[in-house]
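Taking it in order: structure first as structure tokens, then the write-up.
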Amino acid sequence: MALLSHPCPSLIPLKQNHTTITRASTGNNSNLPDAAKHTVDTYIKNGMVVGLGSGQVSCMAIQYLGRQLRSGALHDIVGVPMSLDSASEAATAGIPLLDQYQDTSQIDFAFDDADIIEEGTLIAVIGRRRSRGDESIIQEKSILNAADKLVFMISKNQYQRVLDGSIPVLVQSLNWMEAAEQIDDLFIGDAEVWRRPSIGHADPLGGSFPLVTKEGYHVLDVIFTSPITSLAEVAESLNKVDGVVDHGVVSKFPYCRTWKRCTVVITSESGLSIVDNLRANAAVEGI
């Protein structure tokens with residue numbers, strides 16, 4: 001797979017290709033709650049409309065945001081949940097929610113988990129290992145794309161120069177096999193394409209009970225057996241396949257005319273690393 005790699009920073013304070021990395025001291029060993037607390041304390045201000053992400057760290061951030069609202073440290077916050085789980089967590093935490101999200105809704109800030117993030121570009125992959133049809137990659141990406149500023153919260157091993165693993169792809173249900181064959185041909189020798197099941201064990205056909213999203217699409221897991229050196233090029237290739245509706249590759253500015261600021265909060269035993277991409281590589285435009 002002829003995918004060009006991108007220049008990337010190491011996890012030390014520096015400035016390179018419009019990407020800066022700084023340290024945030026947490027005293028002793030850092031953990032996931034530190035990332036959640038740092039994100040809420042640093043980026044969320046009174047009166048904001050906030051996209052509420054999905055995943056373990058996002059759940060912690062939602063809980064902490066609720067405590068800040070109850071204590072009076074923050075006020076006039078409106079949440080926009082990216083999943084039923086985040087909506088339920090926000091309701092429990094006492095966070096007021098937007099009545100109905102639309103693609104035109106204004107979102108000041110959003111936070112989310114990511115499965116993996118590409119060094120240098122900060123392009124992320126979401127939607128791996130999810131087996132519930134009520135979770136929507138489409139809605140999650142729409143909220144992330146709409147936000148004026150975005151923060152991903154991950155652990156150090158999820159921030160990589162050369163990536164591996166799978167990318168979920170949403171396809172039309174009626175012609176899913178044709179789309180799967182095109183994707184298989186596209187990455188022949190570098191990836192396997194399996195349809196995701198709703199229950200039971202996975203296999204190329206998805207078993208007797210394939211997962212169907214709430215929008216009515218099937219999910220293909222493109223499982224790369226060779227390193228992925230450019231998520232931008234993978235996403236561009238997937239976008240050209242007939243029957244592909246969307247995929248789990250996320251950029252902070254796919255549908256926007258202006259560059260938006262994206263930050264990644266990375267947890268490790270030595271503390272928090274804050275990776276701030278002030279301006280994205282032009283190669284990610286249009287993902």
Q: Spot the failing condition for Gly120; the list is (1) touching a strand residue (DSSP E or B) at 6+ places or on another chain (Cβ under 7 Å); (2) farther than 17 Å from Asp41 by Cβ; (3) at pLDDT 95 or above, and only one is missed.
A: (3)
Q. Here is a list of conditions, (1) closer than 25 Å to Asp242 by Cα; (2) of a type outside the set (A, V, I, L, M); (3) part of a helix (DSSP H, G or I), and Gly189 meets all of them except one; can you say which number that is?
A. (3)
**Q.** Considering residues of region 41-66 that are over 13 Å from Ala90 (Cβ atoms) and in a helix (DSSP H, G or I) only, the residue most open to solvent (accessible area, probe 1.4 Å)
**A.** Gln56
Q: May I ask you to list the residues in region 94-129 that are in a loop (DSSP other than H, G, I, E, B) and under 18 Å from Ile62 (Cβ atoms)?
A: Gly94, Ile95, Pro96, Leu98, Tyr101, Ala114, Ile126
Q: Please identify the pairs in which a residue from region 94-113 that is in contact (Cβ under 8 Å) with a residue 60 or more places away in the chain has its Cβ atom under 7 Å from the Cβ atom of a residue that is of a type in the set (Ser, Thr, Tyr), counting only partners at least 6 apart or on another chain.
A: Phe109/Tyr43; Phe111/Thr39; Phe111/Ser58; Asp112/Ser54; Asp112/Ser58; Asp113/Ser54; Asp113/Ser58
Q: Test Gly165 against the criterion of being at pLDDT below 95, open to solvent by 60 Å² or more (accessible area, probe 1.4 Å) and more than 19 Å from Asp242 (Cβ to Cβ), and give yes or no.
A: no
Q) Under 8 Å by Cβ, and 6 or more places apart or on different chains, what pairs join a residue from region 159-188 that is closer than 21 Å to Thr229 by Cα and without any contact (Cβ under 8 Å) to a residue 40 or more places away in the chain with one that is surrounded by fewer than 21 Cβ atoms within 10 Å (Cβ to Cβ) and among the charged types (D, E, K, R)? A) Asp184/Glu192
Q: Kindly indicate which of Thr213, Thr258, Thr263 is modelled with pLDDT under 95, out of contact with any helix residue (DSSP H, G or I) (no Cβ under 6 Å at 6 or more places or on another chain), hydroxyl-bearing (Ser, Thr, Tyr) and open to solvent by less than 10 Å² (accessible area, probe 1.4 Å).
A: Thr263
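Please work out if Gly206 is of a type outside the set (A, V, I, L, M), open to solvent by less than 60 Å² (accessible area, probe 1.4 Å), at pLDDT 90 or above and not in a helix (DSSP H, G or I). Walk me through it before giving the result.
Working: of a type outside the set (A, V, I, L, M): yes; open to solvent by less than 60 Å² (accessible area, probe 1.4 Å): yes; at pLDDT 90 or above: no; not in a helix (DSSP H, G or I): yes.
In short, no.
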Q | Of residues in region 67-93 being in a strand (DSSP E or B) and without any contact (Cβ under 8 Å) to a residue 60 or more places away in the chain, the one least open to solvent (accessible area, probe 1.4 Å) | A | Gly79
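The values are calculated or read from the model by the stated rules, or taken from the named source; none is laboratory data. Because the structure is a prediction, the values reported are computed rather than measured. Ideal geometry is used to build each Cβ from the backbone, glycine not excepted, and the neighbour counts take in all protein chains shown. For the accessible areas, the whole protein counts, side chains as well, though only heavy atoms, and no ligand, DNA or RNA atoms are used. Shrake-Rupley method; radii C 1.70, N 1.55, O 1.52, S 1.80 Å.
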